[in-house]
Amino acid sequence: MHTAAGVEARLPIRSDMDLVWVRQHVRQAAALLGFGLVDQTKLVTAASELARNTLVHGGGGLMEASHVGSSGVDGLRLTFSDTGPGIADLDRALSDGYTSGDGLGMGLGGARRLVHDFHVESAPGKGTTVRVTSWVRRPPRAGGAV
Amino acid sequence: MNEDFARRVAGHVPVLRLGDVLLVTLQGDLHDSTAHQLQQDISETIVRSGVSGVVIDISGVEIVDSFLGRVLAEIAAQTELLAARTVLAGMRPAVAVTLVELGLTLPGLRTALTTEAALELLAQPVVSSRSGGRREESP
């Protein structure tokens, strides 16, 4: 109940100041949903990479955060969208070491490894939308093992 | 005016001199511009003061993304060209795990678990190789 309020958000990405807000929000939302410290760190880092892509390559845009649930497991979904030039060759953009312009290349491929689900839609001139989701790993129930 | 003041406060990392070493402590969430400013400040301070080592304490940093990682690696490379060595101290375990998964292993960057260990590392005589790792005695 109280989680939705702290998780759901639409944050603009227009400056490097906004990257700080994005990271802070994702950290808080992930903590609220019960992600462990390492998973929080991975999510915040992925969000930072993707938000910077939105800013630098997409010319600015938006991050939306939402709480998703599936068979009793909580997840955090982050959607980064821009209306920038888009990505012509997605496979290449996702490969390691690929970098365009500013040399901020770990972005897409690196961020993909830090989350559970990764989905990207883009076409030249149509902007880019990246949607990532991670799930809280519940510890195994007590009482089983010796 | 007010906003300008806030930006200056948030946008400045103090670079302290301790004898022959510069000590830089990063805290919290850094703006990109702050990181760039720091990069410049460290180089200028090395040249002005002639120190031989730089310790960057990142124990208060919750995340290192590829941007900050690259800035730290550039600081290390820069100081090397200015006849000084950089040691990154106190990286949090979660940050290390994340950096490796991100694919950013920062080769060539010397690390230490604490600031004290970093200072000890810098007090040791320079071994010819640029790449750190001087835990073993050479024969």
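The values are calculated or read from the model by the stated rules, or taken from the named source; none is laboratory data. No experiment lies behind these values; they were computed from the predicted model shown. When we count neighbours, we look across all protein chains shown, and the Cβ atoms used for this are built from the backbone with ideal geometry, even at glycine.
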Hits in region B:16-48 - residues which are crowded, with 16+ Cβ neighbours inside 10 Å and either of a type in the set (Gly, Ala, Ser) or within 14 Å of B:Leu119 (Cα to Cα) (or both) = B:Val21, B:Leu22, B:Leu23, B:Val24, B:Thr25, B:Ala35, B:Ser43
request  = Take A:Arg52 and decide whether it is modelled with pLDDT under 95, crowded, with 20+ Cβ neighbours inside 10 Å, within 11 Å of chain B (Cβ to nearest Cβ) and under 28 Å from B:Ala96 (Cα atoms).
outcome  = yes
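Quick check, is A:Leu43 farther than 17 Å from A:Thr128 by Cβ, of a type in the set (A, V, I, L, M), out of contact with any strand residue (DSSP E or B) (no Cβ under 8 Å at 6 or more places or on another chain) and within 13 Å of chain B (Cβ to nearest Cβ)?
Considered against the rule, which asks whether it is farther than 17 Å from A:Thr128 by Cβ, of a type in the set (A, V, I, L, M), out of contact with any strand residue (DSSP E or B) (no Cβ under 8 Å at 6 or more places or on another chain) and within 13 Å of chain B (Cβ to nearest Cβ), A:Leu43 comes out as no.
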query = For region A:19-40, how many residues are out of contact with any helix residue (DSSP H, G or I) (no Cβ under 6 Å at 6 or more places or on another chain) and at the interface with chain B (Cβ under 10 Å from one of its Cβ atoms)?
reply = 5
request  = Give the residue that is nearest to A:Ala46 (Cα to Cα), with candidates limited to residues of region B:94-122 that are charged (D, E, K, R) and surrounded by 15 or more Cβ atoms within 10 Å (Cβ to Cβ).
outcome  = B:Glu101
ask   = If you scan region B:49-84, which residues turn out to be among the charged types (D, E, K, R) and surrounded by 21 or more Cβ atoms within 10 Å (Cβ to Cβ)?
value = B:Asp65
key: Enumeration of residues in region B:78-125 that are within 12 Å of the chain's Cα centre (by Cα) and among the polar types (S, T, N, Q)   = B:Gln78, B:Thr79, B:Thr86, B:Thr111, B:Thr115
query = Of the residues that sit in region A:1-18 and are crowded, with 16+ Cβ neighbours inside 10 Å and charged (D, E, K, R), which one is nearest to the other protein chains (Cβ to nearest Cβ)?
reply = A:Asp16
note = The lone condition A:Val38 fails out of (1) more than 13 Å from the chain's Cα centre (by Cα); (2) at pLDDT 95 or above; (3) over 15 Å from B:Leu102 (Cβ atoms) is (3)
request  = Taking the residues in region B:61-95 that are assigned to a helix (DSSP H, G or I) and of a type in the set (Ser, Thr, Tyr) as candidates, determine which candidate is farthest from the other protein chains (Cβ to nearest Cβ).
outcome  = B:Thr79
